[in-house]
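Right, one structure below, let's go through it.
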Amino acid sequence: MRHRQAIALLALVGFFVALYLWFYKIGLAGELKCGTGGCETVQTSPWAQLLGVPVAFYGVVGYAVLLAVALVGLQPSRLGRRGPTLVLAGLATAGFALTLWLTYLELFVIHAICRWCVGSALVMTGIWGVAVHALKREWGVGSGP
Amino acid sequence: MSRFYLALGGLAVAGAVVLFLLIRQPAGAARAARDAPVAVVDDDFRGYTLGSDAAPVEVTEYSDFECPFCASFAAVQMPTIKQQLIATGKARWRYRDFPLPSHQYSRFAAHAAQCAGEQGKFWEMHDQLFYNHSWAQTGKNPAGLFRDFARAAGVDPARYDACMDSGRYAARIEFSRQEGDQRLVDGTPTFFVNGERLRSTSYGSDVFKHIVDSLAARRK
C-alpha cells in the first residue's frame, strides 16, 4: 500500500512540473522561471517536440496515468491485488527510459540543463525506484528461487 | 489512509497555487510588441538572404530572436558556416521569422531586425540581437537596448524609431510565422536545405558542410 501512496504523491508533483512546462510550450506561461537560460534553451530546441507533440505533454499524460493507476490500486477492493503494481512498474520503466533519453539529449546534444526537467527526472527516477522495489517484493522478480 | 488523502489533497492545492503564481503574467508587459497583428499581408518578401544568388544550395532557417538555441547557433556555428559555405559561394542562407508564442519579445526583436533591414542592416542587427543575447534572459522591456543595438549596427536612429513606432512589418513577420506553420515548423531553429527539411540530432557547422558538399557534388 505504501508504495502506491508514494507513487501517487510523486506522480502529482511530476504532473505539476510537466503541466508548467506544457503551459509554457503552448504560450500560456509567459517566461519560464528558471534562473538560468538552460530551460529556454531546452524548451525551445527542436527536441522539445516528439512526433509533433510537446514532450511536456507526454509528461502531463504520463504522470496523470501513473497517478490514476496508483489511486485505483489504493481502492480497498484492489489493495491485495498485484496487477496495479505490475502496471505501475511497466509505466514507470517506460517513463524512466524516456527520462534517460531526454537527459542524454540535454547533456550531450543540446548542451543545456533545464532545472524543471531535472526536477521531473528526479521524480520519475523516484517513481521507478519505488515501483521496481514493490514489484520485487510482490512478485519476487529478480529475487531468485 | 485518510492521512494520505489529506496529504494528496494538500499537495494538489499547493501545486495549483504555485502553478498559478508561476504562469501569472506581469502587468504592463509590452503586449503590443508581442501580439500577432490581426491582418496578415503577403508583401512578396521571403526573408533576407546571405550569399550568392548563384549558389547551388539554399538553406532556409526558421528562427526566433528570443530563442537561446538560435542565439547559440548564430554565435557558435554561423561564423564557420559563413566562412566555409556562404563566402565560398557554395550556399545561400535565408532567414525567416518564426516567433514562438512563449516568448514575450520575439516579435518585437523581429520587428527591430526588419527596421534595420529597411536600412540595409538586417544581418548586422541579426548579429547584435543574437550576440548580445542576455536581453532575452532578463524579462525587461528591451526597447532601449534594441535601439542601442540598432545604433551599433549602423542604423539611423530616427528612421529606426519611426519604423518601430509604425509597426509596419508586424504583418510580414506574422506571414513568415504562418508560412512556417504550413511547413510544419514546430521549434526553432528549423532548417530546410533546398526545400527539404533537415532532420539531424546535431546542427553543427560540420553537418551543413557535409550536406552542402554532397548536394553540390551531386549537381556536378
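Between segment B:42-116 and segment B:137-183, what is the separation of their alpha carbon centroids in Å?
14
Mean-square fluctuation check for chain B, GNM, Cα pairs under 10 Å: which of B:ILE86, B:ILE173, B:ILE23 is largest?
Looking only at B:ILE86, B:ILE173, B:ILE23, the biggest GNM fluctuation is shown by B:ILE23.
Which entries in A:LYS33/B:LYS121; B:LYS82/B:LYS121; A:LYS25/B:LYS90 show an alpha-carbon gap greater than 26 Å? Intermediate values should be presented prior to the final figure.
On the way: A:LYS33/B:LYS121 33 Å; B:LYS82/B:LYS121 17 Å; A:LYS25/B:LYS90 36 Å.
Beyond 26 Å between Cα atoms: A:LYS33/B:LYS121; A:LYS25/B:LYS90.
Can you run phi through the Karplus equation (6.51, -1.76, 1.60; θ = phi - 60°) for segment B:125-138 and list ³J(HN,Hα) in whole Hz, with x for Gly and Pro?
5, 3, 5, 4, 5, 8, 6, 10, 7, 4, 4, 6, 9, 8
Treating only the Cα positions of chain B as identical point scatterers, give the base-10 log of I(q)/I(0) from the Debye formula at each q in 0.15 Å⁻¹.
Log10 I(q)/I(0), no solvent term: -0.98.
Given 4 °C and 1.567 mPa s, how large is the Stokes-Einstein diffusion coefficient of segment A:65-132 in µm²/s, with Rh as the Kirkwood radius over Cα pairs? Walk me through the numbers before you get to the answer.
Numbers: Rh = 13.0 Å.
D = 100 µm²/s.
If you wrap segment A:5-145's Cα atoms in a convex hull and average its projection over all directions, what's the area in nm²?
Numbers: hull surface 37.5 nm².
Across all orientations, segment A:5-145 yields a mean hull projection of 9.4 nm².
Does anyone have the angle between helix A:55-73 and the longest principal axis of chain A? Alpha-carbon axes, 0 to 90°, nearest 10?
In chain A, helix A:55-73 runs at an angle near 20 degrees to the longest axis.
Can you give the FRET efficiency for B:SER214 and A:LEU51, using 1/(1 + (r/R0)^6), R0 = 30 Å, r = Cβ-Cβ distance, to the nearest 0.05? Walk me through the numbers on the way to the answer.
On the way: r = 28 Å, r/R0 = 0.92.
It comes to 0.60.
Given a cut-off of 37 Å, what percent of all Cα-Cα pairs of the protein assembly as shown lie beyond it?
Working: 20749 of 66430 pairs.
Here the long-distance tail beyond 37 Å is 31 percent of all Cα pairs in the protein assembly as shown.
Using a basic spin-label model with each label point 7 Å from the Cα along Cα→Cβ, how many nm lie between B:ASP156 and A:HIS133?
7.2
Once you have a ≥ b ≥ c as the square roots of the Cα gyration tensor eigenvalues for segment B:101-183, tell me rounded if a/c is under 1.5, and otherwise prolate or oblate according to whether a/b is larger than b/c.
The shape class here is oblate.
For a quick check: with amide H placed at 1.01 Å from N, whose amide H comes under 5 Å from A:GLN49's, ignoring anything fewer than 5 positions away on the same chain?
A:VAL55
Antiparallel DSSP bridges in the protein assembly as shown: what percent, to the nearest 5?
Numbers: 11 of 18 bridges.
Looking only at bridges with both residues in the protein assembly as shown, the antiparallel portion is about 60 percent.
Counting pairs of Cα atoms in segment B:62-158, how many percent are more than 22 Å apart? Please list the in-between numbers first.
Details: 1219 of 4656 pairs.
It works out to 26 percent of all Cα pairs.
Return the distance in nm (one decimal) between the two label points of a simple spin-label model at A:LEU28 and B:ASP42, each offset 7 Å from Cα along Cα→Cβ.
Distance between label points: 3.4 nm.
Sort B:ARG159, B:ARG177 by Cβ crowding within 10 Å, fewest neighbours at the top.
On the way: B:ARG159 14, B:ARG177 24.
Lowest to highest Cβ neighbour count: B:ARG159, B:ARG177.
What number, rounded to the nearest 500 deg cm²/dmol, is the helix-based mean residue ellipticity at 222 nm of chain B, given -39500 (n - 2.57) per DSSP H run of at least four residues and division by all its residues? All intermediate terms of the calculation are to be shown ahead of the outcome.
On the way: 11 runs with 109 residues, N = 220.
Calculated from helices alone, the mean residue ellipticity at 222 nm is -14500 deg cm²/dmol.
Tell me which residues come under 5 Å, amide H to amide H, from B:TYR48 once H is placed; ignore anything under 5 positions away on its chain.
Amide H to amide H, under 5 Å and 5 or more residues apart or across chains, B:TYR48 pairs with B:TYR95.
When the Cα atoms of segment B:95-145 are enclosed in a convex hull and the volume is divided per residue, what value in Å³ results? If you can, show how the numbers build up before the last one.
Values: hull volume 3.8 nm³, N = 51.
Residue-normalised Cα hull volume stands at 75 Å³.
Which angle from 0 to 90°, rounded to the nearest 10, does the C-alpha axis of helix B:143-152 make with the longest principal axis of chain B?
Between helix and principal axis, roughly 20 degrees.
Please list, ordered by chain and number, the residues whose modelled amide H lies under 5 Å from the amide H of B:ARG92; skip anything fewer than 5 residues away on the same chain.
B:VAL57, B:GLU58, B:VAL59
Work out from phi, with θ = phi - 60° and the Karplus expression 6.51 cos²θ - 1.76 cosθ + 1.60, the ³J(HN,Hα) of each residue of segment A:11-26, listed in order in whole Hz, and give x for Gly and Pro.
5, 5, 4, x, 4, 5, 4, 5, 5, 4, 5, 6, 4, 4, 4, 9
Given a Förster radius of 22 Å and the C-beta distance between A:LEU107 and B:ARG197 as r, what FRET efficiency does 1/(1 + (r/R0)^6) yield to the nearest 0.05? Could the numbers behind the result be given before it?
Values: r = 26 Å, r/R0 = 1.17.
The computed FRET efficiency comes out at 0.30.
Given q = 0.12, 0.16, 0.22, 0.24 Å⁻¹, what are the Debye log10 I(q)/I(0) values for segment B:150-220, with equal point scatterers placed on the Cα positions and solvent ignored?
Scattering profile of segment B:150-220, log10 relative to I(0): -0.59, -0.82, -0.95, -1.01.
Helix B:157-166 versus the longest principal axis of chain B: what is the Cα-based angle in degrees, 0 to 90, to the nearest 10?
60
Laboratory data are not the source of any read-out in this text; all were calculated from the coordinates shown. None of these values were measured; they are calculated from a predicted model. Glycine gets a Cβ as well: all are built from the backbone with ideal geometry, and neighbour counts include every protein chain shown.
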